[in-house]
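Structure first, then comments.
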Amino acid sequence: SNLRLSNNIIFSDLIPRGNCDLIISLEPMEALRYLPWLSRQGWIITNTAPFVNIPNYPDIEGVKAELEKIGRVIMIDVNTIAGNLKSPRSANMVLLGAAAPFIKILEPNNLIDGIKNIFSGKGEKIMQTNIEAFNAGYDFAQKHLNNN
């Protein structure tokens, strides 16, 4: 799906090819599928674990190699990180955290406030687990950026 965030008027919800600042993908092959939309300065944040749902799914190492050619990519094993937090269902929060440094219009604390609002009704433990997952993804991305 397309999501456009701006301080200016947005005339269409669709992102033109070559103008996407950020591709966020829970599956690495999906990230490749949307490369034509990525701008020259854009980043890709993707899970490293493939969802092999077709018989001719390409070799995962080849998919990763194609993504690495872009140069502005963070590949993160959100499934393992969420599993280490004993919350496999929070993988999407790990991915959101990894993408947070690139969402310039929203501060990470605003995203954490949103997580609190969404999960507060499910109990303190679930809310805190999702915040921990977000922070784990955020820390991973920050370390990756500092090493480049």
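Can you tell me which residue within the range 43-60, out of those that are modelled with pLDDT of 95 or more and not hydroxyl-bearing (Ser, Thr, Tyr), is nearest to the chain's Cα centre (by Cα)?
Residues of the range 43-60 that are modelled with pLDDT of 95 or more, as a first pass: 43-48.
From the residues that got through so far, the ones that are not hydroxyl-bearing (Ser, Thr, Tyr) too are 43-45, 47.
Values: 43: 10, 44: 8, 45: 5, 47: 7 Å.
Filtering the range 43-60 for residues that are modelled with pLDDT of 95 or more and not hydroxyl-bearing (Ser, Thr, Tyr), the one nearest to the chain's Cα centre (by Cα) comes out as 45.
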Which count do you get for residues in the range 87-111 that are more than 15 Å from the chain's Cα centre (by Cα), open to solvent by 40 Å² or more (accessible area, probe 1.4 Å) and in contact (Cβ under 8 Å) with a residue 12 or more places away in the chain? 1
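Those residues that are within 26 Å of residue 13 (Cα to Cα), free of Cβ contacts under 8 Å to residues at least 24 places away in the same chain and surrounded by fewer than 14 Cβ atoms within 10 Å (Cβ to Cβ), I need them from the range 28-81; list them, please.
So in the range 28-81, the residues within 26 Å of residue 13 (Cα to Cα) come out as 28-47, 67, 70, 72-74.
Among the residues that remain, those that are also free of Cβ contacts under 8 Å to residues at least 24 places away in the same chain are: 30, 33-34, 36-37, 39-40.
Result: 33, 36, 40.
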Among the residues in the range 119-138, are any in contact with a strand residue (DSSP E or B) (Cβ under 9 Å, 6 or more places away or on another chain) and at pLDDT below 95? no
Would you confirm whether or not the range 100-111 contains a residue that is in a helix (DSSP H, G or I) and acidic (Asp, Glu)? no
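The values are calculated or read from the model by the stated rules, or taken from the named source; none is laboratory data. Note that this is a predicted model, so its numbers are computed, not measured. Every residue, glycine as well, gets a Cβ built from its backbone with ideal geometry; the counts of neighbours run over all protein chains shown. Accessible surface is based on the protein model in full, side chains and every heavy atom, while ligands, DNA and RNA are left aside. Shrake-Rupley method; radii C 1.70, N 1.55, O 1.52, S 1.80 Å.
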